[in-house]
1. Check TYR119, TYR135, TYR123, TYR45 and return the single one that is of a type outside the set (Val, Ile, Thr) and either at pLDDT 95 or above or closer than 28 Å to ARG163 by Cβ (or both).
2. Do the conditions hold for TRP38, that is, is it touching a Phe, Trp or Tyr at 6+ places or on another chain (Cβ under 7 Å), of a type in the set (A, V, I, L, M, F, W, C) and surrounded by 18 or more Cβ atoms within 10 Å (Cβ to Cβ)?
3. Check region 1-8 and report whether any residue there is part of a helix (DSSP H, G or I), within 16 Å of THR142 (Cβ to Cβ) and out of contact with any Phe, Trp or Tyr (no Cβ under 9 Å at 6 or more places or on another chain).
4. LEU74 is checked against (1) more than 23 Å from LEU152 (Cα to Cα); (2) crowded, with 16+ Cβ neighbours inside 10 Å and fails just one. What number does that condition carry?
5. Given the structure, is ALA128 small (Gly, Ala, Ser) and loosely packed, with under 13 Cβ neighbours inside 10 Å?
6. Is one or more of the residues making up region 65-72 within 15 Å of VAL43 (Cβ to Cβ), part of a helix (DSSP H, G or I) and without any contact (Cβ under 8 Å) to a residue 40 or more places away in the chain?
7. Take the residues of region 110-125 that are surrounded by 11 or more Cβ atoms within 10 Å (Cβ to Cβ) and not hydrophobic (A, V, I, L, M, F, W, C): which is farthest from ALA32 (Cα to Cα)?
8. Name, by its number, the condition in (1) modelled with pLDDT under 95; (2) among the small types (Gly, Ala, Ser); (3) loosely packed, with under 13 Cβ neighbours inside 10 Å that does not hold for ALA99.
Amino acid sequence: MSHERASGRAIIWLTILAALLLQVMPLPPAVAAARPDWVLLTVSYWVLALPHRFNILSACFVGVVLDVLVGGTLGVRGLALSITAYLVAMQYQKLRHFALFQQLLVVASLSLLLHLLVYWAEYLSNPAITIDWVYLQPVLITPLLWPWVFWLLRRIRRQFKIR
């Protein structure tokens, strides 16, 4: 029983690692600005599917690791991911039963909140930072990927019997 639990934990963290790699993977400048929030999608799925296994503290840790990888102010993305994970965790029973369009709206809202929180926290440490349309492009792209990420992670969870 504990072996299955440990292997399930490893699978969860491998998917998080894959999302972190996709988040920091070099892209051509023309498409780099529209990079989807892979980490947000993955964290949201695990909090939605298994809130007892992947929680707000886990999301904070992932955010701090993301801060280190992107070279941002330490703790900014940890705070932002914690807040978004909290919102998902508080309503996970309702969100599970939402229609796909409603889930897309929730993911878009979470992505917008994440970007605005990161901007706000970065602005506090460096007031010279400005916001423009390019900064918010991922808010439009991220929800479009939610159905595929949800399907893939659900398939992984069922295949490895992660509970």
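1. Going through TYR119, TYR135, TYR123, TYR45 in turn, the sole match is TYR45.
2. no
3. Within region 1-8, not a single residue is part of a helix (DSSP H, G or I), within 16 Å of THR142 (Cβ to Cβ) and out of contact with any Phe, Trp or Tyr (no Cβ under 9 Å at 6 or more places or on another chain).
4. (2)
5. Yes; evaluated as a whole, the condition is true for this residue.
6. Yes.
7. It comes out as TYR123.
8. Condition (1) is where ALA99 drops out.
The values are calculated or read from the model by the stated rules, or taken from the named source; none is laboratory data. Everything quoted here is computed from the prediction, not taken from an experiment. Quick reminder, even Gly has a Cβ in these numbers, built from the backbone with ideal geometry, and neighbours come from all protein chains shown.
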